[in-house]
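Accompanying notes for the structure given below.
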Amino acid sequence: MAAATSSPSLKRLDVRDPAALFQTHGAEEIRGLERQVRAEIEHKKEELRQMVGERYRDLIEAADTIGQMRRCAEGLVDAVRATDQYCARLRQVGLAAAPAPAPQPQLPSQEKFYCMAAQIKLLLEIPEKIWSSMEASQYLHATQLYLLCCHLHSLLQLDSSSSRHSPILSRFPILIRQVAAASHFQSTILHESKMLLKCQAVSDQAVAEALCSIMLLEESSPRQALTDFLLARKATIQKLLNQPDHGTGIKAQICSLVELLATTLNQAHALFYTLPEGLLPDPSLPCGLLFSTLETVTSQHPTGKGISILQGEMKLCGWFRHLPASITEFQPALRTLAHPISQEYLRDTLQKWIHMCNEDIKNGITNLLMYVKSMKGLAGIRDSMWELLTNESASHSWEVVCRRLLEKPLLFWEDMMQPLFLDRLQTLTKEGFESISSSSKELLVSALQELENSTSNSSNKHIHFEQNLSLFLWSESPSDLPSDAAWVSVANRGHFANSGLSMKAQAISPCVQNFCSALDSKLKVKLDDLLAYLPSDDAPLPKDAAPVQQTKNSAFDRFADAGTVQDMLRTHSVACIKHIIDCIQAELQSIKEVGQGQQDVLRGTKLHAVLFMARLCQSLGELCPHLKQCIVGKPGSSEKPAREARAPKKQGKGTAQEILPGQAKWQEVKEVLLQQSVVGYQVWSSAVVKVLIHGFTQSLLLDDAGSVLAMATSWDELEIQEETESGSSVTSTIRLPTQPSWYVQSFLFSLCQEINRVGGQALLKVTLQEMLKSCLVQVVAAYEKLSEEKQIKKEGAFPMTQNRALQLLYDLRYLSIVLTTKVEEKTSRSKPDSRIEKVTDYLEALIDPFDLDVFTPHLNSNLNRLVQRTSVLFGLVTGTENQFTPRTNTFNSQEPHNTLPLASSQIRFGLLPLSMTSTKKAKSTSRGVETQAQDAIH
């Protein structure tokens with residue numbers, strides 16, 4: 001068993017090394033190994049015996065075959081040698097013999113026999129000649145040989161009517177197969193000739209010979225040949241347009257189609273058009289080739305002009321002289337004369353053919369253009385067609401051909417291709433901008449969801465910047481200054497090279513920048529793709545030289561539809577941006593409806609989304625320069641009309657400057673964006689005003705003693721001198737408020753904080769004015785509510801004392817001055833607010849009239865000083881128009897600086913906002929405040 005399980009390699013190793021064998025194995029294992037080795041030796045011996053026996057038998061057979069081949073070769077060599085010797089003896093006998101006598105006239109029966117034999121010989125050789133001609137694409141020669149073969153059939157009576165009783169077939173049975181083979185030549189030649197008509201790159205002579213073959217075989221007329229030619233080319237057009245695979249490329253297919261149409265018309269002119277009588281032919285513009293070829297083939301006057309069918313090597317054969325003259329001088333013939341085609345019939349037929357092909361071309365080109373996915377590809381196809389047709393018109397006298405055949409030029413591009421290209425361009429532009437609008441909508445929705453789902457613990461700092469823009473404004477980043485700020489001045493920097501500081505100055509958050517950058521990049525890709533279809537401004541042609549150059553060198557105007565394409569781009573880009581605006585409007589409306597019932601609106605995430613959309617609409621036109629380029633057009637295209645529009649202004653003052661359509665559309669889009677931004681900021685401002693006014697009203701209406709004392713501020717003591725009835729002066733001390741109540745200061749400071757939180761320096765002026773106006777209306781409403789409640793006496797309520805009424809009057813006048821914009825201030829002088837007057841009258845009625853007369857001048861002075869001191873603290877609320885900027889005439893500066901005129905002396909540093917006390921009053925600055933205070937009193 002151990003021997004059986006041991007491997008063969010170990011066995012061979014043990015056999016070679018007997019010492020190791022006896023060391024590792026026992027006696028039984030060694031005996032088993034011995035038996036196995038002996039058996040293997042016997043097996044190898046048997047294999048060797050069989051191999052030697054088989055190979056020996058093969059060796060013997062090979063030796064026999066070699067010997068037989070040697071004997072055969074020797075016999076063949078002997079036979080050739082004997083033949084050579086026999087031929088040499090015959091030559092010697094012929095030279096030694098006397099000249100042969102004149103040939104005796106053969107008997108008629110013998111001559112007839114030789115004539116028939118020569119015809120049979122020719123009949124047997126014609127099929128090979130026909131096949132050779134067809135392989136060489138010489139279909140006219142093959143047709144002539146076939147017609148000669150048919151003529152031989154009739155002479156030898158081998159046609160189907162008499163072939164059954166023909167004695168020749170009984171004597172030469174091989175002719176039966178020959179007659180059967182010849183019957184297929186007609187269909188084969190017709191098929192190959194018609195296939196040649198469908199080929200595009202075929203010479204005029206080859207087409208003429210193929211048509212001649214068809215006419216001879218089918219016995220048709222030239223009009224039928226014209227129909228066959230046009231139908232074959234129509235089938236070629238359909239095959240070219242309906243190719244299953246587009247491996248060759250759409251451009252190659254369309255260019256092949258245009259080239260096929262041009263080649264068809266050129267060949268129709270070369271083949272079928274005949275010159276009127278009296279006109280000399282133009283060697284560079286051949287015509288009537290079909291009729292000249294027919295005349296040459298069917299000419300019955302062999303004066304050297306005709307083509308002999310049996311030219312060449314057949315005439316070198318000895319049996320050729322036995323053929324009858326009807327065969328050696330055979331020429332095909334038409335049953336009817338080939339009359340030239342009239343110009344009217346040729347024109348009508350070609351126009352009908354073009355009309356029939358036009359529908360196929362329209363459907364086929366439309367299907368092919370479906371595979372073109374870019375406008376650059378369309379421009380490449382158009383330019384290739386232009387080059388092809390330009391070369392065609394320059395080299396083949398295209399205008400002459402069209403005038404002769406159609407009596408008008410055939411406009412491939414304008415009549416056939418241009419509408420299809422514009423339709424595809426319209427589809428691509430529409431799909432592209434719809435994709436941009438849908439992706440922008442998805443980006444907008446995802447940004448809003450990210451803002452709404454964000455929390456205070458969110459790790460995304462851009463979300464924190466969006467929630468509190470002041471964090472973004474006061475943060476530092478490497479992109480605050482452009483990389484070339486050190487050596488490139490602002491004047492030489494690009495228009496769209498916005499730095500981080502400019503973004504912060506305009507209060508454009510990173511989320512808005514990312515959205516506008518994504519939108520602008522998509523618009524740039526679409527615009528660059530479409531600009532490939534429009535003319536470039538690299539080398540513009542002069543105005544006068546353009547039409548001449550166009551007529552001489554080009555087949556059509558490639559950029560004649562540039563205006564249409566630009567309008568198309570403008571329409572779809574405007575539709576795209578309006579779709580985005582509609583999405584923003586819908587989101588704002590939904591947030592506005594949801595936020596109406598919420599109390600803590602300022603802490604909610606909905607307001608962050610509103611501010612994001614408002615900033616987006618405000619900065620979209622500025623951060624998307626390619627949007628403006630899509631609507632207005634290329635920078636070079638708008639300069640020239642603008643200059644032309646400015647020219648009439650010099651002629652007369654009343655002429656208005658013409659506004660370009662692109663500029664008008666762009667202004668319309670900017671107005672819509674600005675309007676939507678105002679709507680977004682209105683949602684934010686109304687929410688802010690609602691929350692702040694709610695707290696202000698609650699603090700104002702608190703009438704318990706503790707709340708009144710908590711909201712009170714320090715008053716100023718003033719010493720005044722009054723004259724008594726006796727004329728002596730009496731000094732008395734009065735106390736007047738110099739600061740507003742704490743809730744008034746808290747209200748204004750909170751308002752400034754909220755404005756700063758959203759980037760107040762970039763807020764629209766109309767938004768800020770509407771916000772302040774709304775605040776003033778709500779403040780007056782709160783004071784009206786206070787007056788109504790005080791008129792109704794309640795138990796435990798703190799009474800309205802004169803000091804409290806004086807403080808409330810001071811607060812109301814201060815709020816009316818701060819919250820009144822410059823525009824409202826001008827209107828209030830002519831027509832003061834009746835509601836403020838009503839509340840003011842109510843509060844003044846609570847003050848002693850004598851004290852009121854004494855307090856009013858000092859109260860106005862304190863009010864004026866307070867407004868001036870707090871104008872910087874509440875700068876965004878008061879605005880530049882409420883900071884009393886007029887200066888003395890000593891300054892000649894023309895720039896309106898934001899300075900406070902509190903110094904009586906000349907300000908040395910005019911650009912610094914200074915705040916200092918002065919003993920003298922600035923009369924010009926206090927006049928407006930005093931006027932408002934007096935109006936409020938009276």
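Quick notes on this structure:
- Proximal charge balance of THR65 [Cβ under 12 Å; K/R count +1, D/E count -1]: -1
- Between GLN449 and ASN391, the FRET efficiency from the beta-carbon distance, with R0 = 51 Å, is close to 0.30.
- Were the residues from GLN791 through THR564 laid out at 0.36 nm apart, the gain over their Cα-Cα distance would be 74.4 nm.
- Computed with every protein chain present, the accessible area of SER203 is close to 70 Å² [probe 1.4 Å].
- Full extension of the chain between ALA845 and LEU59 yields a length gain of 268.1 nm, computed as 0.36 nm times the residue separation minus the alpha carbon distance.
- Surface analysis of region 178-235 yields an accessible area of 39 Å² per residue, using protein heavy atoms and a 1.4 Å probe.
- Heavy-atom SASA rank of SER193, SER342 (probe 1.4 Å, accessible area, largest first): SER342, SER193
- Order of exposure, largest accessible area first, which applies to ARG89, ARG804, ARG757 with probe 1.4 Å: ARG89, ARG757, ARG804
- Net charge over other residues, Cβ less than 15 angstrom from the Cβ of GLU387 (K, R count +1; D, E count -1): -1
- A simple rule links phi to the HN-Hα coupling: the Karplus curve 6.51 cos²θ - 1.76 cosθ + 1.60 with θ = phi - 60°, which for region 402-408 gives 5, 5, 6, 7, 10, 6, 7 Hz, with x for Gly and Pro.
- FRET efficiency estimate (nearest 0.05) - Cβ-Cβ, ASP78 to GLN110, R0 35 angstrom: 0.35
- For region 834-843, backbone phi angles converted through the Karplus equation (6.51, -1.76, 1.60; θ = phi - 60°) give residue-by-residue couplings of 5, 5, 5, 4, 5, 5, 4, 4, 5, 6 Hz, Gly and Pro being listed as x.
- Taking 0.36 nm per residue of sequence separation and removing the Cα-Cα distance, the THR801/VAL777 pair yields an extension gain of 6.1 nm.
- Once backbone amide H atoms are built at 1.01 Å from N, LEU285 has no partners under 5 Å, excluding neighbours fewer than 5 places away on the same chain.
- For SER374, no residue 5 or more places off, or on another chain, has a built amide H under 5 Å of its own.
- Using the Cβ-Cβ distance between ALA20 and ILE41 with R0 set to 22 Å, the FRET efficiency from 1/(1 + (r/R0)^6) comes to roughly 0.55.
- Remark: region 675-772 carries 49 Å² of accessible area per residue (probe radius 1.4 Å; ligands, DNA and RNA excluded).
- Of the accessible area of region 747-803, computed with a 1.4 Å probe over protein heavy atoms only, carbon and sulfur atoms account for 49 percent.
- Exposure ranking of LYS194, LYS790 by accessible area [1.4 Å probe, largest first]: LYS194, LYS790
- Sequence-distant residues sharing a close amide H with LEU873 (under 5 Å, placed H): none
- For the set LYS251/LYS376; LYS690/LYS790; LYS362/LYS526; LYS665/LYS773; LYS665/LYS765, the pairs lying more than 21 angstrom apart at their alpha carbons are LYS690/LYS790; LYS362/LYS526; LYS665/LYS773; LYS665/LYS765.
- Simple spin-label estimate for ALA201 and SER435 in nanometres, 7 Å along Cα-Cβ: 3.6 nm
- Using θ = phi - 60° in the Karplus curve 6.51 cos²θ - 1.76 cosθ + 1.60, the 3J(HN,Hα) couplings for region 625-632 round to x, 6, 5, 5, 5, 5, 8, 7 Hz; x is entered for Gly and Pro.
- When the solvent-accessible area of region 174-292 is split by element, carbon and sulfur atoms take up 57 percent of it, the probe being 1.4 Å.
The values are calculated or read from the model by the stated rules, or taken from the named source; none is laboratory data. Only a predicted model underlies this, so the values are computations on that prediction, with no experimental measurement involved. Backbone-built Cβ (ideal geometry, glycine too); neighbour counts: all protein chains shown. Keep in mind that these areas ignore ligands, DNA and RNA; they rest on the heavy atoms of the full protein, side chains included. Shrake-Rupley method; radii C 1.70, N 1.55, O 1.52, S 1.80 Å.
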